[in-house]
Amino acid sequence: GKAHTLLTRHLMRSAGFPAVDEGVRAFFFDTLAREMDAAILREKPAPRRPLRTVQEWACVGLDTEFVWLDAYWSGPGWQGHYVLFEMPPNGLSRKDEKALKAAVAQLNAAVRTLSKQQRQELVRSAGLGAAAT
């Protein structure tokens, strides 16, 4: 959700996009976000193979199975999550890579202990953060 919001905001600053029909823009932005998501899934990022962004952040893990919201009410796309990490400029040492791998596993295990209400609150607060960014 946050990536979609930021992507939309960034592209709307580009010449020409504001003049494009709103439905066409929505289709384009949704398709672009889905394709970016599919590309990340194909890469299977991990601490050993981080998927770097243009900034210092990198995707170091993903969980494609955890259900955040009931898909019946929210529609598809609310399953799983990415794990991002602020990478040091020179990359990770082998020791740090192992520690990060353990931390990602611990985080994914901890997420599974959240109640339905806690999951919904996290999704709500993430959505508010995306709107404010």
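So for the pair Thr64, Phe28, with labels modelled 7 Å out along Cα→Cβ, what separation do we get in nm?
The modelled label-to-label distance comes out at 2.9 nm.
If you take the beta carbon distance between Arg48 and Ala19 as r and set R0 to 41 Å, what does 1/(1 + (r/R0)^6) give as a FRET efficiency, to the nearest 0.05?
E(calc), rounded to 0.05, equals 0.35.
With θ taken as phi - 60° and the coefficients 6.51, -1.76 and 1.60, list the Karplus ³J(HN,Hα) couplings across the stretch 26-41 in order, rounded to whole Hz; mark glycine and proline as x.
Going residue by residue, I get 4, 4, 4, 5, 5, 5, 4, 5, 4, 5, 5, 4, 4, 5, 5, 4 Hz, with x marking Gly and Pro.
Residues of the stretch 78-115 with amide nitrogen under 18 Å from the 7 Å Cα-to-Cβ point of Asp37?
Counting only backbone N, you get 78-84.
Which value in nm describes the separation of the simple spin-label points at Leu84 and Glu121, placed 7 Å from the Cα toward the beta carbon?
2.3 nm
Computed from the coordinates by the stated procedures, all read-outs in this text should not be read as laboratory data. Not measured: the values here are computed from a predicted model. A quick note on method: Cβ atoms are made from the backbone with ideal geometry, for glycine too, and the neighbour counts reach across all protein chains shown.
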